[in-house]
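The values are calculated or read from the model by the stated rules, or taken from the named source; none is laboratory data. The shown structure was predicted, so the numbers you read here are calculated from the model rather than taken from an experiment. Reconstructed Cβ throughout: ideal geometry from the backbone, glycine too, with neighbour counts over all protein chains shown.
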Amino acid sequence: MSRIYISSSWRNPRQPYLVEELRKRGHKVYDFRHPSGRNDSNVWESVSKKHGLNEAYVQGTLVTADFKDMLSDEDSTERFREHFDAMNDADTCILLLPCGRSSHIEAGYMAGAGKRVFVMDMSQEVTPELMYLALDGYFDSLEELYKAVDKPIPGVCRICGCTEDNPCWHPDHGSCWWVDKTHTLCSHCAEEDNFALRGHRYLTIKDKPETEHCIRDRSKAFK
């Protein structure tokens with residue numbers, strides 16, 4: 001299970017489909033169209049109207065002074081913080097083409113933070129870009145993308161998403177540890193607790209209510 005941030009454009013009609021398909025495969029996916037489960041819209045549509053600049057925004061005639069005001073608006077900074085937190089909580093980025101400058105900035109930031117970044121190109125007209133070689137894969141097939149995304153990430157628990165720097169914790173068992181050589185499964189997700197009997201099934205330590213999972217697993221941004 002990966003925690004995926006799909007970076008794309010509001011104008012890309014394939015983004016909702018990719019969100020749904022990745023969730024069907026068991027991944028947690030941040031959906032910028034529905035952050036925290038709510039319906040959302042392009043922030044610039046509402047902010048430009050608030051500043052009386054919607055006509056200039058739609059026609060593409062904004063000047064820098066107007067955009068500076070829009071950029072510092074509280075709605076803009078709040079939306080930025082929400083997206084930025086989701087980027088930090090994710091372990092994988094999919095740059096879904098075609099998209100614009102903001103998406104490429106997001107992908108670059110996540111690559112610099114050591115996260116996997118895959119390019120999924122669904123453009124009808126390809127725009128060559130040399131710097132895609134700095135990322136972890138360029139795909140034009142969804143099946144190829146799924147195979148790459150499905151591969152466990154060393155150092156990240158494939159079930160709860162904890163890491164060595166951010167482990168899950170239980171008052172009786174302490175912090176978790178790796179139980180496999182590839183470092184993709186933590187002890188709290190793997191080991192049964194004999195005192196956690198409910199009905200006729202034993203629960204793993206991670207399922208006990210006392211267990212505190214890592215920050216990434218508690219994030220409300222992901223489903």
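Determine whether Glu212 is under 26 Å from Arg23 (Cα atoms) and at pLDDT 85 or above. It is true that Glu212 is under 26 Å from Arg23 (Cα atoms) and at pLDDT 85 or above.
Here Ile105, Ile94 are screened, and the one residue that is closer than 24 Å to Ile153 by Cα and surrounded by fewer than 12 Cβ atoms within 10 Å (Cβ to Cβ) is Ile105. Among the conditions (1) within 13 Å of the chain's Cα centre (by Cα); (2) in a helix (DSSP H, G or I), Tyr17 misses just one, which is (1).
When each of Glu144, Glu164, Glu125, Glu129 is tested for being more than 18 Å from the chain's Cα centre (by Cα) and within 27 Å of Arg218 (Cβ to Cβ), the lone residue that passes is Glu164.
Taking the conditions exactly as written (surrounded by 13 or more Cβ atoms within 10 Å (Cβ to Cβ) and not assigned by TED's automatic domain parsing to the domain that holds Pro16), does Val179 satisfy them or not? The answer is yes for Val179. Would you mind stating whether Leu145 is out of contact with any helix residue (DSSP H, G or I) (no Cβ under 6 Å at 6 or more places or on another chain) and within 27 Å of Thr163 (Cβ to Cβ)? Yes: the conditions hold for Leu145. Go through the residues of region 98-107 one by one and say whether even a single one is within 16 Å of the chain's Cα centre (by Cα), part of a strand (DSSP E or B), of a type in the set (Val, Ile, Thr) and in the same structural domain as Arg11 (by TED's automatic domain parsing). Scanning region 98-107 turns up no residue that is within 16 Å of the chain's Cα centre (by Cα), part of a strand (DSSP E or B), of a type in the set (Val, Ile, Thr) and in the same structural domain as Arg11 (by TED's automatic domain parsing).
Do we have any residue at all in region 174-189 that's at pLDDT below 95, in a helix (DSSP H, G or I) and not hydroxyl-bearing (Ser, Thr, Tyr)? Checked against the condition, which is being at pLDDT below 95, in a helix (DSSP H, G or I) and not hydroxyl-bearing (Ser, Thr, Tyr), region 174-189 yields at least one hit.
The residues of region 109-154 that are part of a helix (DSSP H, G or I), aliphatic (A, V, I, L, M), farther than 17 Å from Tyr17 by Cα and touching a strand residue (DSSP E or B) at 6+ places or on another chain (Cβ under 7 Å), listed by number, are Met110, Ala111, Ala148. Exactly one residue out of Thr64, Thr92 is under 22 Å from the mean Cα position of the chain (by Cα) and either in the same structural domain as Arg14 (by TED's automatic domain parsing) or farther than 25 Å from Met1 by Cβ (or both), and it is Thr92.
Of all residues in region 20-55, those satisfying the criterion of being part of a loop (DSSP other than H, G, I, E, B) and either aromatic (Phe, Trp, Tyr) or crowded, with 19+ Cβ neighbours inside 10 Å (or both) are His27, Asp31, Phe32, Leu53.
Scoring Glu82 on the criteria (1) in a helix (DSSP H, G or I); (2) surrounded by 12 or more Cβ atoms within 10 Å (Cβ to Cβ); (3) without any contact (Cβ under 8 Å) to a residue 40 or more places away in the chain leaves a single failure, condition (3). Give region 108-149 a look and list any residue that's closer than 22 Å to Pro13 by Cα, charged (D, E, K, R) and surrounded by fewer than 13 Cβ atoms within 10 Å (Cβ to Cβ), or say none. Listed by number, the residues that qualify are Glu125, Glu143. With the condition kept exactly as written, say whether any residue in region 116-136 is at pLDDT below 95 and hydroxyl-bearing (Ser, Thr, Tyr). Checked against the condition, which is being at pLDDT below 95 and hydroxyl-bearing (Ser, Thr, Tyr), region 116-136 yields at least one hit.
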